[in-house]
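Chemist: One structure, as C-alpha cells, below. Some questions next.
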Amino acid sequence: MVPSIARQSVIFKCTRQQSVLLGNYEFYYVAGLMNRCFGLSAREEMPPLEMFSYLSGQLENLQPKDENEKYMIKILSNYDPLEDYDDQMKELFRWGEKEQDLWKVQTNYTGG
C-alpha cells in the first residue's frame with residue numbers, strides 16, 4: 001500500500017462528499033485526523049476494532065467546523081473495520097494526526 005494514496009482518497013471523499021471508507025488504511029488516516037480536528041485521544045497502537053469502538057463512542061459529542069469534517073464523521077460512522085493491522089496503518093494514523101495540509105491533495109510531507 002502506498003500511504004499517500006490512502007490519504008488522497010480520504011481527502012477526495014471528504015471534499016467531494018462521495019463514497020465510503022474502503023479499508024483500514026483509510027480508516028487509520030481518518031482516526032489520526034479525528035485526533036487532530038477534534039482533540040480526541042485515539043492511539044496508533046489500538047487495534048482496528050478497539051479504535052472503531054473508541055471513535056464511535058465520541059461521534060455524538062463532536063462539533064464539526066466545516067462540511068469536510070461533517071462528512072468525515074459520516075464515513076467513519078458507516079465503516080466496518082477489518083481485523084487487518086500493520087505498520088503502514090500506524091504511519092497513516094500519525095500522518096493524519098499531524099496533517100499540515102488539511103484537505104489539500106498536494107503535500108510537502110515526506111514520511112517518517
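Chemist: Accessible area per residue, 1.4 Å probe, Å², for the chain: what's the number? Don't skip to the end; give the middle numbers.
Modeler: Working: 6050 Å² over 112 residues.
Here the residues of the chain average 54 Å² of exposed surface.
Chemist: In nm, give the distance between the simple-model label positions of Asn78 and Phe12, each being 7 Å from the Cα along the Cα-to-Cβ direction.
Modeler: 1.7
Chemist: Extending each Cα 7 Å along its Cβ direction at Leu49 and Val2, get the distance between those two points in nm, one decimal.
Modeler: The answer from the label model is 3.4 nm.
Chemist: Run the reach check for Lys90 against aspartates and glutamates, Cα to Cα strictly under 12 Å, same-chain hits fewer than 8 apart removed. What comes back?
Modeler: Once the sequence-local aspartates and glutamates are set aside, what remains near Lys90 is Glu26, Glu44, Glu45.
Chemist: Here's something else I'd like to know. Starting from the Cα of Asp86, step 7 Å along the direction of its Cβ; do the same at Val105; then give the gap between the two resulting points in nm.
Modeler: Inter-label distance under the simple model: 2.6 nm.
Chemist: Shifting gears a bit: Can you give the helix-only mean residue ellipticity at 222 nm for the chain, where every DSSP H stretch with n ≥ 4 adds -39500 (n - 2.57) and the sum goes over all residues, rounded to the nearest 500 deg cm²/dmol? Please report the intermediate quantities before stating the final value.
Modeler: On the way: 5 runs with 62 residues, N = 112.
It comes out at -17500 deg cm²/dmol, rounded to the nearest 500.
Chemist: For the chain, set up a Gaussian network in which alpha carbons nearer than 10 Å are linked by springs, and say which option among Met46, Met34, Met89 fluctuates the most.
Modeler: Fluctuation is largest for Met46.
Chemist: Give the separation of the Cα centroids, segment 91-112 to segment 22-87, in Å.
Modeler: After rounding, the separation between the Cα centres reads 15 Å.
Chemist: Over all pairs of distinct alpha carbons, what does the Kirkwood formula give as the hydrodynamic radius of the chain, in Å? Intermediate values should be presented prior to the final figure.
Modeler: Values: mean 1/r = 0.0734 Å⁻¹.
Averaging 1/r across every pair of different Cα atoms and inverting gives 13.6 Å.
Chemist: So, with a 1.4 angstrom probe, what is the percent of accessible area on the chain that is carbon and sulfur? Can you show the working numbers first?
Modeler: Details: 2810 of 6050 Å².
With neighbouring chains kept in place, the figure for the chain is 47 percent.
The values are calculated or read from the model by the stated rules, or taken from the named source; none is laboratory data. Computed from a predicted structure; not experimentally measured. As a convention, Cβ positions derive from the backbone with ideal geometry for all residues, glycine included, and neighbour counts pool all protein chains shown. The accessibility values were calculated without ligands, DNA or RNA, using every heavy atom of the protein model including side chains. Shrake-Rupley method; radii C 1.70, N 1.55, O 1.52, S 1.80 Å.
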